[in-house]
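Written out below as structure tokens is the structure these notes cover.
The values are calculated or read from the model by the stated rules, or taken from the named source; none is laboratory data. The shown structure was predicted, so the numbers you read here are calculated from the model rather than taken from an experiment. All Cβ positions, glycine included, derive from the backbone under ideal geometry; neighbour counts span all protein chains shown.
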Amino acid sequence: MLIVKGIEDRKDTKLIKQFATYCLSRFLTKSQMRRIVVTITYAERHEIKDPVDKADLSKYEAWMIPSSDSKNHFWITLAKFALNKNAKSPLTKYKKTLKYLAHELVHVKQFFTGEMSDVFKNGELVGTRWHGVDYPELSPKYCVTNPIKAEWVYYESPWELEAYGRTDGLYNMFHDEHGEEWLK
């Protein structure tokens, strides 16, 4: 199930849901698709209360959070200010954020299938696990004390290489297959 928040126009919501469904269907089975819940929220900076999240929204313009109590529920937040409000077509208006959405949906797939998980010790996030290998360099504590090295590790991490590598392709395939047809 896909839930879209923060977008008032029904056609725009339809586009976002169709795009998300398209992306997920590229790497999940129909059975898996029926079990997953993704809440997609378009937010403005002033709507974000947590100062760290607000800074992240300004810097990264998107993020995904897996549920702590369900392997099947994920929350994606996208920057509403990244929309191209002068665009003539909705697909162009949402191009940048749809690419961010594609990137975050790759992470949804990675968490949902167990390729990737957060690593906790005594209730504290201490890193990321990818195919059984721990990456403590990406723990919040390490990122604060070694921000430059943490950023390098982030861009070199296998899960980010996959997500960045799939982003443009997912958007381009959707565009080539659907164009503006979704409006009909």
Quick one: in the range 64-81, which of the residues that are over 14 Å from Lys96 (Cα atoms) and under 11 Å from the mean Cα position of the chain (by Cα) is surrounded by the fewest Cβ atoms within 10 Å (Cβ to Cβ)? Ile65
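This table checks each residue for (1) in contact (Cβ under 8 Å) with a residue 40 or more places away in the chain; (2) of a type in the set (S, T, N, Q); (3) touching a helix residue (DSSP H, G or I) at 6+ places or on another chain (Cβ under 8 Å).
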| site | (1), (2), (3) |
| --- | --- |
| Thr39 | no, yes, no |
| Leu57 | no, no, yes |
| Ala87 | no, no, yes |
| Tyr94 | yes, no, yes |
Among the residues of the range 82-104, how many are part of a helix (DSSP H, G or I) and loosely packed, with under 15 Cβ neighbours inside 10 Å? 1
Extreme residue, nearest to Phe174 (Cα to Cα), among residues of the range 36-63 that are surrounded by fewer than 16 Cβ atoms within 10 Å (Cβ to Cβ) and either aliphatic (A, V, I, L, M) or modelled with pLDDT of 95 or more (or both): Val37
